[in-house]
């Protein structure tokens, strides 16, 4: 049963930030990890393989070596797709990088999902529209905003907290 899900996006090969994030989430009772895209290189993806959690990742617009990333993901026990539909703790979740805004908003307005997770903008956002909780954890890399952030989603309470590392 899932209770706490760690959510990141836009790690952009920032190895020190990825390593700090991995160490940071050890403090929490995390059941799964979701990455909303822009991993970039296979060497970064391998770092996430060290985490002993279920891992769900989507491609971002800057993820160029898709074939190799997909192979590395499979070897690291990471599910990696363009768009991912999940059911965790009886909650329907969709993960999409967010590159096309009208597609993202269609997912939100569809009322098909309890949670819509996206990245791409590097800006943190947590809002609710109807029954749908929309989450952008911001950027793990910290390159655009200067803040390296991640989110923790409590699927029992349907609440989100954003943390900075």
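List of remarks:
- Any hit, segment 65-88, residues being touching a residue at least 60 places away in the same chain (Cβ under 8 Å) and under 28 Å from residue 157 (Cα atoms): yes
- Of the candidates 44, 11, the single residue that is surrounded by 14 or more Cβ atoms within 10 Å (Cβ to Cβ), in contact (Cβ under 8 Å) with a residue 12 or more places away in the chain and assigned to a helix (DSSP H, G or I) is 44.
- Exactly one residue out of 74, 105, 65, 19 is surrounded by fewer than 16 Cβ atoms within 10 Å (Cβ to Cβ), modelled with pLDDT under 95 and out of contact with any strand residue (DSSP E or B) (no Cβ under 7 Å at 6 or more places or on another chain), and it is 65.
- Among the residues of segment 46-62, those that are at pLDDT below 95 and closer than 15 Å to residue 17 by Cα comprise 50, 51.
- Listed by position, the strands (runs of 3 or more DSSP E) inside segment 67-165 whose residues that are closer than 16 Å to residue 33 by Cα and within 17 Å of the chain's Cα centre (by Cα) number at least 1 are 78-81, 83-88, 91-96, 115-117, 132-137, 149-154, 159-164.
The values are calculated or read from the model by the stated rules, or taken from the named source; none is laboratory data. Keep in mind it's a predicted model, so treat the numbers as computed, not measured. Counting neighbours? That spans all protein chains shown, and the Cβs are built from the backbone with ideal geometry, glycine included.
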